[in-house]
Amino acid sequence: MRVYVREPRAADAEAFIEKNRESLSLHRPWVYPMTTQAGYEAYLDRLGEDRYEGYFVCRKRDDEIVGAVNFSEIIRGAMNGAFVGYWGYQGCTGRGYLTEGLALGFDQAFGSLGLHRLEINIQPTNTNSIALARRLGLRKEGVSPKYLNIGGEWRDHERWAVLADEWAEKGGSLWVRSRKYIERSKQEI
């Protein structure tokens with residue numbers, strides 16, 4: 001893998017906020033990551049709660065943050081699952097970094113977090129995220145009309161999911177690492 005995942009730190013605030021600001025046109029209307037110091041501090045506070053886990057996807061060759069992966073509303077007990085959110089950054093897209101980072105995040109979620117199910121909710125117009133879900137082997141379970149309020153509007157979302165045993169049967173991030181698209185994306189621009 002050309003990336004690794006790590007927990008966000010207070011010292012990351014400036015770089016993270018700047019990357020989010022530079023990538024607004026890439027993110028909207030699908031995600032609205034924090035663009036202020038107060039927003040970043042609230043994000044770190046949320047990650048301190050039992051219901052949230054978050055990771056930065058960092059490129060190995062220079063440790064640059066190239067994306068973020070979050071597991072939210074972690075529900076234990078009979079469900080034992082979470083919702084997945086993620087985004088990449090301007091200048092770092094189209095190279096497979098987020099695919100690799102999300103796969104490593106799934107390994108964490110199903111491994112050390114011991115989750116059973118991960119669900120990604122994607123707006124139907126976000127074709128890049130839908131393609132990413134497919135690359136990772138998630139299955140589409142349906143459409144939820146006006147499911148989430150994003151940017152002040154109730155938006156339809158497609159539900160994509162994967163279970164721990166399905167991820168393990170594929171080989172997890174080792175399966176993703178072996179995929180041919182990784183070979184094609186190794187060429188740095």
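Highest mobility in the GNM of the chain, judged by mean-square fluctuation with C-alpha springs under 10 Å and restricted to Gly39, Gly77, Gly101, is found for Gly77.
For segment 1-134, a simple Cβ point-charge model (Lys and Arg +1, Asp and Glu -1, everything else neutral) yields a dipole of about 440 debye relative to the Cα centre.
Once the 1.4 Å probe is applied to the protein heavy atoms, segment 56-163 comes out at 42 Å² accessible per residue. Averaging over all projection directions, the Cα-based convex hull of the chain occupies 10.5 nm² in the image plane.
Taking the convex hull of the alpha carbon atoms in segment 1-106, what volume per residue do you get, in Å³?
Measuring per residue, one finds 100 Å³ for the Cα hull of segment 1-106.
Computed from label points 7 Å out along Cα-Cβ, the spacing between Leu148 and Ala10 is 2.9 nm. Comparing Tyr97, Tyr32, Tyr40 in a Gaussian network model of the chain where C-alpha atoms under 10 Å apart are linked, the largest mean-square fluctuation is found at Tyr32.
Computing the accessible area with a 1.4 Å probe over protein heavy atoms, can you report the carbon and sulfur percentage for the chain?
50 percent
Dipole magnitude for segment 16-70: computed about the Cα centre from +1 point charges on Lys and Arg Cβ and -1 point charges on Asp and Glu Cβ, it is near 260 debye.
The values are calculated or read from the model by the stated rules, or taken from the named source; none is laboratory data. Nothing here was measured: the structure is a model prediction, and the numbers come from that model. When we count neighbours, we look across all protein chains shown, and the Cβ atoms used for this are built from the backbone with ideal geometry, even at glycine. To get the accessible areas, we keep the full protein, side chains included, count just its heavy atoms, and leave off ligands, DNA and RNA. Shrake-Rupley method; radii C 1.70, N 1.55, O 1.52, S 1.80 Å.
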